[in-house]
1. For ALA47, only one of the following conditions fails: (1) in contact with a Lys or Arg (Cβ under 8 Å, 6 or more places away or on another chain); (2) at pLDDT 90 or above; (3) small (Gly, Ala, Ser). What is its number?
2. Which residues, taken from the range 244-269, are outside any strand (DSSP E or B) and either basic (Lys, Arg) or closer than 18 Å to LEU192 by Cα (or both)?
3. Of these, GLU229, GLU222, GLU240, which one is under 24 Å from the mean Cα position of the chain (by Cα), exposed (fewer than 14 other Cβ atoms within 10 Å of the Cβ), charged (D, E, K, R) and modelled with pLDDT under 80?
4. Of all residues in the range 272-297, count the ones that are modelled with pLDDT under 90 and surrounded by fewer than 16 Cβ atoms within 10 Å (Cβ to Cβ).
5. Hey, among VAL214, VAL195, VAL203, which residue is without any contact (Cβ under 8 Å) to a residue 40 or more places away in the chain and surrounded by fewer than 21 Cβ atoms within 10 Å (Cβ to Cβ)?
Amino acid sequence: MSVRKRAAISLVAVSVLAGAVGCQGGDESGKGDKKAAGAPELQSRAAVTEVVQAAYKKTAEAKTAKVRMKVTTSGAGAAGGMGDMEMSGVMGWDPTLMDMTMKMPKGAAGAAADEDMPDQIRMKWLDDAMYMDLGTKAAQEMDGKRWMKMDLGAMAAASGDKELQKQMTRGLEDMNQSPAQQLALLLESPDLKHVGSEKVDGVEAQHYKGTLSVQDVIKSNESFDVLGEKERKDLVAQIEKSGIKGYDTEVWVNEDGFPVKMDLGMTMPQGKVAITATYSDYGVKAAVTAPPAAETFDFLKMMEELGAAGAGTGPDAAGSGI
């Protein structure tokens, strides 16, 4: 397989992983429809807290759900980024599981990758590793191996970079940002309130919203517990320097006490990122299994081979055909 094609596959893998880590959102068909007549009967802060706490408990106990996700980027960020990304499938928490299909926007990973990559990529998350089905064309170039494995822990350890290892650890925690954890985070919002009654996919639900500062998010996220006081301050300063002031979070809870839709919005100088998720079938069976070993190749090993092949691309390798 040529260095060019391997580089294209590695680029698409990193792009997909970045999208998956960032995705905690869904399909716009689940958009809430506000009631047209009359003002909504709003709940008190105490009542709101009670509802969200109860939803958190039920969601945490369910451990699985079907989900549709969508991430939309506007402004300058959309011009050079991934564009709109959509995912759907089953996810689980405690432990973290995923079996989802992502629609890949054309041009997301470059023209070279688009030539060989499928329009949709199936992804599985199991035992702190991501598996991606890169399709039949990739399999033809990789001795019949269509699934690529990305073990973040192994990649961090291989780098020998302690800071990278910390980032990878936080990344693994972020992958476990279940709807239950999102509800727990929303409870930290100082302006949590009830917006009113709306319909999501034709089902009546109560709409709640709140705003969280960067400090609130870091304080509530256990993945940042490994940081010392100075590291926390530096991280907050770095995030705020990027222009992110806070996060707008909204949730719709149905009559059974489960969240059926969640929105997260972030505004930066480069543009706005809107993440939406719609959930259903809480407690659904999610028997996620790793792909057959005979059909799987390791991303880290491929990158090592790329490095070795790259060493032979100088003047002395002009006739190698690489």
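The values are calculated or read from the model by the stated rules, or taken from the named source; none is laboratory data. A quick note: this is a predicted structure, and the numbers were derived from the prediction, not measured. Quick reminder, even Gly has a Cβ in these numbers, built from the backbone with ideal geometry, and neighbours come from all protein chains shown.
1. (1)
2. Passing the criteria: LYS245, GLY257, PHE258.
3. GLU222
4. Residues that pass the stated criteria total 2.
5. Of the residues listed, the single one that is without any contact (Cβ under 8 Å) to a residue 40 or more places away in the chain and surrounded by fewer than 21 Cβ atoms within 10 Å (Cβ to Cβ) is VAL214.
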